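The values are calculated or read from the model by the stated rules, or taken from the named source; none is laboratory data. Keep in mind that what you see is a predicted model, and the values were worked out from it rather than measured. Please note: Cβ atoms are built from the backbone with ideal geometry, for glycine as well, and neighbour counts cover all protein chains shown.
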Amino acid sequence: MRELLSMKIQIVSILVSLSFLFLIARLIVRGKIREEYSIVWLCLTMLLLVFSIWREGLNAVARWLGVFYPPSLVFMAAIFAITIFLVHLSIVVTRLQRQLKEAAQEIALLKAAEGPGRPE
Amino acid sequence: MVMKTLIIIPAYNEELSVARVIKEVQGLSAGYDIVVVDDGSSDRTREEAKRAGARVLQLPINLGIGGAMQTGFRYAVRRDYDCAVQVDGDGQHPANEIPRLVSVIAAGGADVAIGSRFLEKKGFQSTFSRRLGIRYFQFLHQVLARVRVTDSTSGFRALGRRALAIVDGYYPDEFPESESIVLFALRGLKIREVPVVMRGRQGGESSIRRLISLYYMFKVTLAIIFTYLRLRKGRI
């Protein structure tokens, strides 16, 4: 019974990982996200997939790190990855804001260079 | 030496006061060039400024006072001005004090001349809490930048060529007045305060309203400290 249950969750997690991988790939193909922002997601999904298939792996890594309850390792890794990604997005937003500011300033300066008295 | 001087008037929704400010500057005998930076206003600021005879730099989006001022500074650098003076569009800065600021730059006495209402304690003195905040920044500047500026939130200032070259490259977006003092001081510019008499605002709203004043204190403190750290490492 126990064996069957963990079989189920294994199949579910493999399916979820695969569909997430598919979703990310589709978004890249359609140009909805840039490759550079998808790398983190792709790596993470791959990792999830690996541990879904290789069940003993999680236990082994947990044991090696001295983690008593293996699933907590998954949570920790996930939170860590998400935090890093959010910081990355803050950096991206900051850069975009600077570029937007400079573009707006350039527009104002170029318009002025066209000279006064021009019809609007 | 005759200074080629540009008056920069940043204006965000100042349709009621901007024309009067322009007229005042035009009334000076020095004949300064005037440019109004319309920071994405939703009212008739731009039309009012044009009708008063000023050239308008129109920003397509609202950048905040710092981004707007930098637009004016960049204009000054590209058109090879010797000196740029910020005069707020709300009418707090009296135009007849502009020549005093410019003369400090022209005489080579400073790279940045800041109009201070606290040096001689005349005219509009702001509220008690605002003055307390300004004292606090005075302390920060003295510790970090080793300059004494009694009115660090004053936007009424004149910049010479060396200062313009710096702000062309970097100028803070939000609440730039206090932070830029650290920027100027650590880049080795000479800052001098000039006593001026200011008025209460003639219209519009201060960019430092009560609700956000705590945020202001916190943000500017952070900005000053980080600007200090960045400059010590030579990153700007």
**Message:** Among the residues in region B:87-99, are any closer than 14 Å to B:Ile8 by Cβ, modelled with pLDDT under 90, surrounded by 18 or more Cβ atoms within 10 Å (Cβ to Cβ) and touching a helix residue (DSSP H, G or I) at 6+ places or on another chain (Cβ under 6 Å)?
**Reply:** yes
Restricting attention to region B:125-155, the residues that are touching a residue at least 24 places away in the same chain (Cβ under 8 Å), farther than 21 Å from B:Arg192 by Cβ and surrounded by fewer than 12 Cβ atoms within 10 Å (Cβ to Cβ) number exactly 1
For region A:92-112, check the following and say yes or no: at least one residue is away from chain B (no Cβ under 14 Å) and within 30 Å of B:Tyr75 (Cα to Cα).
yes
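Yes/no matrix, rows are residues, columns are (1) over 16 Å from B:Thr153 (Cβ atoms); (2) of a type in the set (A, V, I, L, M); (3) modelled with pLDDT under 85; (4) in contact with a helix residue (DSSP H, G or I) (Cβ under 8 Å, 6 or more places away or on another chain):
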| site | (1), (2), (3), (4) |
| --- | --- |
| B:Val167 | yes, yes, no, yes |
| B:Glu174 | no, no, yes, yes |
| B:Leu183 | no, yes, no, yes |
| B:Lys190 | yes, no, no, no |
| B:Val194 | no, yes, no, yes |
| B:Met198 | no, yes, no, no |
| B:Gly203 | yes, no, yes, no |
| B:Ser206 | no, no, yes, no |
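Show me the helices (runs of 4 or more DSSP H) found entirely inside region B:16-117 where at least 2 residues are away from chain A (no Cβ under 14 Å) and among the charged types (D, E, K, R). Full working, then the answer.
Details: elements: B:18-26, B:45-51, B:64-78, B:98-106.
Ranges flagged: B:18-26.
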In the set B:Gly109, B:Gly53, the lone residue that is surrounded by fewer than 24 Cβ atoms within 10 Å (Cβ to Cβ), out of contact with any strand residue (DSSP E or B) (no Cβ under 7 Å at 6 or more places or on another chain), modelled with pLDDT under 95 and over 13 Å from B:Phe156 (Cβ atoms) is B:Gly53
When every residue in region A:64-81 that is surrounded by 12 or more Cβ atoms within 10 Å (Cβ to Cβ) and assigned to a helix (DSSP H, G or I) is compared, the one farthest from the other protein chains (Cβ to nearest Cβ) is A:Pro70
request  = With respect to B:Val36, determine if the residue is among the aliphatic types (A, V, I, L, M), more than 23 Å from A:Lys101 (Cα to Cα) and surrounded by 24 or more Cβ atoms within 10 Å (Cβ to Cβ).
outcome  = no
